[in-house]
Amino acid sequence: MNLAERGRKVRRQSNVFDALGFSQEEAAALTMKAELHSKIVRIAKQFSRSELEEMLDEPQPRVSDLLRGKISKFSLEALVNYAEALHMRPEIKTHMPVTRMAARA
């Protein structure tokens, strides 16, 4: 009897962070950060850098890091605050856990 037949969760590689060997928890956090950052940059391009400095209440070097994709310099909380400042209404969604047995049914 394999793990799926016993009803246990089977971890699968679902994104690039999993493939790079991050733990499931780290991969989830990094995925959230990357997705939120991408959306923030898309909206931020509508504004000048000086407007962004004022809206985000951050100095020019910090805004530059944000726009240049230096995600490691920003916490998830900081990105959520920036999204809120840009009126993006950020939220975190969760889903019920799925086991292989339930997925096959």
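Below are the figures for this structure:
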| quantity | calculated |
| --- | --- |
| Residue identified as hydroxyl-bearing (Ser, Thr, Tyr), within 13 Å of the chain's Cα centre (by Cα), modelled with pLDDT of 95 or more and assigned to a helix (DSSP H, G or I) among Ser38, Ser50 | Ser38 |
| Pick from segment 62-77, criterion among the polar types (S, T, N, Q) and part of a helix (DSSP H, G or I), ranking: modelled with the lowest pLDDT | Ser72 |
| Some residue of segment 88-95 being part of a helix (DSSP H, G or I) and loosely packed, with under 12 Cβ neighbours inside 10 Å | no |
| Residue within segment 3-12 that is over 14 Å from the mean Cα position of the chain (by Cα), farther than 15 Å from Ser72 by Cα and modelled with pLDDT of 70 or more present | no |
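The values are calculated or read from the model by the stated rules, or taken from the named source; none is laboratory data. Small disclaimer: the values here were computed from a predicted structure and weren't measured. Don't worry about glycine lacking a Cβ; one is built from the backbone with ideal geometry, like all the others, and counts go over all protein chains shown.
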